[in-house]
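These notes concern the structure reproduced below.
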Ligand SMILES: Cc1cc2nc3c(=O)[nH]c(=O)nc-3n(C[C@H](O)[C@H](O)[C@H](O)COP(=O)(O)OP(=O)(O)OC[C@H]3O[C@@H](n4cnc5c(N)ncnc54)[C@H](O)[C@@H]3O)c2cc1C
């Protein structure tokens, strides 16, 4: 096949799924066999499971941003932007570049891996006043915000203002919310020692969830252990409770309590990227409905995976079960889609995706952790060793491993300086600003655009 006619493979999203797919394609296909293009707004792959450690300052933001240009062996062409629509029939992806230009990118094969965004509900004030925990900018922003609350409370003479600045609310008792509350509570607990005018007793963290248990996927005993650890550290856990209303200086819980606070962190689940809804294809709870080979039925050359796709979970052996939205699945699905795409190019049979969950690790900061690797329940130091060992080995590049390893050692030995950078202090911090949820075109807009571009040619 010559370089003019080689098939064009377009991968959307440089997360666990997209990057693993691209790297496998680069390794297994010769440059003459296909042209690979990656659409991504950022020039890094974000290692999301360690985001709470960036928010709490244990890790620097750079340590979990894995460069897409690290090696000269990486030959994929990168388009810096986000896919805002795809015409699946015409095989054109519409991309908004980081300079807001709209460009069309034709493809022969497309791999959709745009991940997920924070799931929100129609709660008054939520999207205006809550922070999420899904992007690097959010994590860095939250760290600055939390430290600035201590600075401002320290400077204030008004007891009401102090009280509202020193209470913090995290919604979502899954692993993301629990780790976020745990890590940030450790940050404020350690930082308050540097503010002699502040009464440590005024600092209060709330972790709330509408479900009756924290992290039900950990099982009864480990979930309870996590709850005990957090309660011992002074985090007030309220289960069966959510938010009724959010304001700039207070939050109302559904049980009627009004908590004065300027920090509401919302981690109550994720939904597939808004790109998926623009495709007009079948979905399962918002995720693209794909086959076990991760192909989109009814469309030629379309694969989808990771958080944005409902991939059948064959290991569960239950009708209708789909893989949970985890990095563990997304990375493996990325490599698997690459193999299936190569098989398609070479007219070989495709293989269904099958992976049995390896378990869950939950880092609560310091020596506190709960983990369930391969069904074995661990607490404390052994759980922490497993949690950190797992994340460390899952980091894709050696330089990221070195950065994270050194930061952990440095933080354990020297603690934190509680520096507030102020870089983004005057930027509005709404969920949609961080997750660009309003950047997408409708299916009709995509079709019209692609048709008129076709007429103009
Ligand atoms: C705080 C937190 C902790 C977590 N902890 C764990 C854990 O311990 N273990 C675990 O297994 N999982 C964990 N997860 C879940 C895990 O991170 C996700 O399941 C995983 O990242 C999904 O991979 P993905 O490739 O589908 O999406 P992502 O990794 O989110 O990647 C999607 C990529 O697509 C890009 N993108 C988005 N929209 C577009 C677009 N329109 N065009 C182009 N690019 C786009 C994004 O910028 C991103 O780079 C955690 C998640 C969070 C938020």
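Any idea what angle helix 380-394 forms with the longest principal axis of the chain, computed on alpha-carbon atoms, 0 to 90 degrees, nearest 10?
Approximately 30 degrees, to the nearest ten.
Quickly work out the residue 401-to-residue 414 label distance, labels modelled 7 Å from Cα along the C-beta direction, and quote it in nm with one decimal.
Computed distance between label sites residue 414 and residue 401 equals 2.4 nm.
What is the ratio of the Cα radius of gyration of the range 120-268 to 2.2 N^0.38 Å, where N is its residue count, to two decimals?
Scaled against compact globular proteins, the figure is 1.00.
What full-extension length gain, to one decimal in nm, is calculated for residue 456 and residue 90 as 0.36 nm per residue of separation minus the Cα-Cα distance?
130.3 nm
Can you tell me which of 364-372, 343-351, 37-45, 229-237 comes out highest on packing, and rank the rest after it, using the mean Cβ neighbours within 10 Å?
364-372, 37-45, 229-237, 343-351
Report the calculated FRET efficiency for residue 119 and residue 30 (r = Cβ-Cβ distance, R0 = 45 Å), to the nearest 0.05.
Using R0 = 45 Å, I get an efficiency of 0.60.
Sort 441-447, 318-324 by the packing proxy (mean of other Cβ within 10 Å over each peptide's residues), most packed first.
441-447, 318-324
For the range 198-223 and the range 107-124, what is the separation of their C-alpha centers, rounded to whole Å?
Here the two parts' Cα centres lie 28 Å apart.
Take the alpha carbon atoms of the range 436-457, find their center, do the same for the range 51-79, and report the distance between the two centers in whole angstrom.
31 Å
Under the classification rounded if a/c is under 1.5, otherwise prolate if a/b is larger than b/c and oblate if not, where does the chain fall, given a ≥ b ≥ c as square roots of the Cα gyration tensor eigenvalues?
prolate
What angle, in degrees between 0 and 90 and rounded to the nearest 10, separates the Cα long axis of helix 398-414 from the longest principal axis of the Cα atoms of the chain?
Tilt of helix 398-414: around 0 degrees.
Which angle between 0 and 90 degrees, to the nearest 10, do you get for helix 16-28 versus the longest principal axis of the chain when only C-alpha atoms count?
Tilt relative to the chain: about 40 degrees.
So what is the calculated 222 nm ellipticity per residue for the chain, using -39500 (n - 2.57) for each DSSP H run with n of 4 or more, over all residues, to the nearest 500 deg cm²/dmol?
Computed ellipticity for the chain at 222 nm equals -10500 deg cm²/dmol.
Can you compute the modelled spin-label distance between residue 97 and residue 444, with each label point 7 Å from Cα toward Cβ, in nm?
Calculated label separation equals 2.9 nm.
Give me the number: length gained by fully extending residue 347 to residue 433, i.e. 0.36 nm times residue separation minus the C-alpha to C-alpha distance, one decimal in nm.
26.6 nm
Based on the alpha-carbon gyration tensor of the range 354-448 and its eigenvalue square roots a ≥ b ≥ c, which shape applies: rounded if a/c is under 1.5, prolate if not and a/b is larger than b/c, or oblate?
oblate
Extending each Cα 7 Å along its Cβ direction at residue 155 and residue 228, get the distance between those two points in nm, one decimal.
Placing both labels 7 Å along Cα→Cβ, they lie 4.3 nm apart.
Pull out the extension gain between residue 75 and residue 376, defined as 0.36 nm times the separation in residues minus the alpha carbon to alpha carbon distance; nm, one decimal.
104.2 nm
Each reported figure results from applying straightforward, stated rules to the coordinates on display, with no laboratory input. Remember, it's a predicted structure, so these values are computed and weren't measured experimentally. Cβ: placed from backbone, ideal geometry, glycine included. Neighbour counts: every protein chain shown.
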